[in-house]
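First the structure, in the form of structure tokens, and then the observations on it.
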Amino acid sequence: MKYIYTLFLLSWTLLQAGEVGAQTVTGAGSSAAAPIYRSWAKAYAKTTGSRVDYEPVGSSAGMKKIQQQAVGFGATDVYPPEKDLIENGLIALPVAITGISPIVNLPKVQNAQLRLTGDVLSRIFMGEISRWNAPEITALNPEVSLPDMPIKVVVRADGSGTTYNFADYLGKVSPKWKSAYGAKTSIQWPDGFLAFKGSDGVAKGVRDTVGAIGYVDFGYVAEYGLTSVQMKNAEGVFVKPSIEAFKAALAHSEWSATGAFQHTLTQKPGKSVWPITMGTFVVFPKVTDTPEQTTQALKFIIWSFLNGDTLVQENNFVRLPDRVQASAFKVITSIRNKNGTPLGMSLISSANPSLH
């Protein structure tokens, strides 16, 4: 708990010193995480007077912007490979947990009524199952009246951490998917699929297209009035996407066991686990060329860790366990300016010399 205490102390020191003023914080990346950054930004502005400009341009674009130090922080739903972090001089830490929900637009099918397995889902997104009344789907849904109509598959057109985690899950349940596509942020989808930019684009595309299926962060289901599905998890149990199901996946992961957060959260064991759970991350330069920009972004993230738990839950995300949050804060302490000075840590070094 040393780092949690230090986190509180750092936030208090920044506020007492008048360091949190009317500044502008810039960030870009994950569209799945956009709802949480929007909520944090609104509360942060109300409390501190500082504005947060966050661009939901997708995880891949967000990584490019932070590599160029064009923004104060990048946001991604994929923990970058250590090799890439080292080569680009970056560090990454988690901010929250969420889940990916397949969504459909089918006449007379209610929310969370349709049942799918990972294998069937993978075959739909490979273009192998192309009609809603296919035997593979009707066998899973004997009590659902499925229409005799083509499946219109809606996917991401941009580089997306949501796509990466979705593909990571499908690769764990389908050897054919793993061989053909693997886990990537951008996929060469079959011809005829409908591609949209951002989670908002996919959500609107499914909502406005009868016969559609797509995938979005769970927070968009309620926001757009979408129809989610049940998925068969690793224990063979059909579950609905929910905060409790995401928490169950987190509880059965390395994140909770060790505090390490580099692994994906898909297809974890446990009867109540949602199989397509994912973390979302913030990315900073390890040595910043723009210390003022980075410092403002750090203050925003630190403040959000301390004050944003309620907003995390209101946006259908799961807060980080204390052990993971402590690990995340330890990563924050490694960020330096070009002179080697730890950003922010000079404010508390005399109060907590154990951090040296």
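The values are calculated or read from the model by the stated rules, or taken from the named source; none is laboratory data. Since the model is a prediction, treat every value here as computed from it, not as a measurement. Backbone-built Cβ (ideal geometry, glycine too); neighbour counts: all protein chains shown.
When restricted to residues that are of a type outside the set (Asp, Glu), surrounded by fewer than 20 Cβ atoms within 10 Å (Cβ to Cβ) and in contact (Cβ under 8 Å) with a residue 40 or more places away in the chain, segment 213-229 contains 1. So, Trp189, is that one among the aromatic types (Phe, Trp, Tyr), crowded, with 21+ Cβ neighbours inside 10 Å and over 24 Å from Glu55 (Cβ atoms) or not? So Trp189 does not fit the description; no.
Residue pairs whose Cβ atoms lie under 6 Å apart, separated by 6 or more positions or on different chains, with the first residue in segment 243-265 and over 17 Å from Ile100 (Cα atoms) and the second assigned to a helix (DSSP H, G or I), are Trp255/Val324; Ser256/Leu250; Gly259/Arg323; Gly259/Val324; Gly259/Ser327; Ala260/Glu254; Phe261/Trp255; Phe261/Val324. I want to confirm something. Restricting to segment 91-149 and keeping residues that are of a type in the set (Val, Ile, Thr) and assigned to a loop (DSSP other than H, G, I, E, B), which single residue is farthest from the chain's Cα centre (by Cα)? The selected residue is Val144.
Suppose the filter is touching a helix residue (DSSP H, G or I) at 6+ places or on another chain (Cβ under 8 Å) and either at pLDDT 95 or above or in the same structural domain as Asp208 (by TED's automatic domain parsing) (or both); does Gly72 pass it? Yes: the conditions hold for Gly72.
Go through Val283, Val312, Val210 for me and flag whichever is in the same structural domain as Met149 (by TED's automatic domain parsing), touching a residue at least 60 places away in the same chain (Cβ under 8 Å) and more than 16 Å from Leu116 (Cβ to Cβ). Reasoning before the result, please.
Values: Val283 fails: in the same structural domain as Met149 (by TED's automatic domain parsing); Val312 fails: in the same structural domain as Met149 (by TED's automatic domain parsing).
Unique residue meeting the criteria: Val210.
Would it be correct to say that Thr98 is touching a strand residue (DSSP E or B) at 6+ places or on another chain (Cβ under 8 Å) and either polar (S, T, N, Q) or outside the structural domain of Asn233 (by TED's automatic domain parsing) (or both)?
Against the criterion (touching a strand residue (DSSP E or B) at 6+ places or on another chain (Cβ under 8 Å) and either polar (S, T, N, Q) or outside the structural domain of Asn233 (by TED's automatic domain parsing) (or both)), Thr98 qualifies.
Residues in segment 164-185: is at least one in contact with a strand residue (DSSP E or B) (Cβ under 8 Å, 6 or more places away or on another chain) and free of Cβ contacts under 8 Å to residues at least 40 places away in the same chain? Explain how you work it out, then say what you get.
Initial filter on segment 164-185 (in contact with a strand residue (DSSP E or B) (Cβ under 8 Å, 6 or more places away or on another chain)): 165-166, 168-169, 172.
In the following step, the residues that additionally are free of Cβ contacts under 8 Å to residues at least 40 places away in the same chain were identified as none.
No, segment 164-185 contains no residue that is in contact with a strand residue (DSSP E or B) (Cβ under 8 Å, 6 or more places away or on another chain) and free of Cβ contacts under 8 Å to residues at least 40 places away in the same chain.
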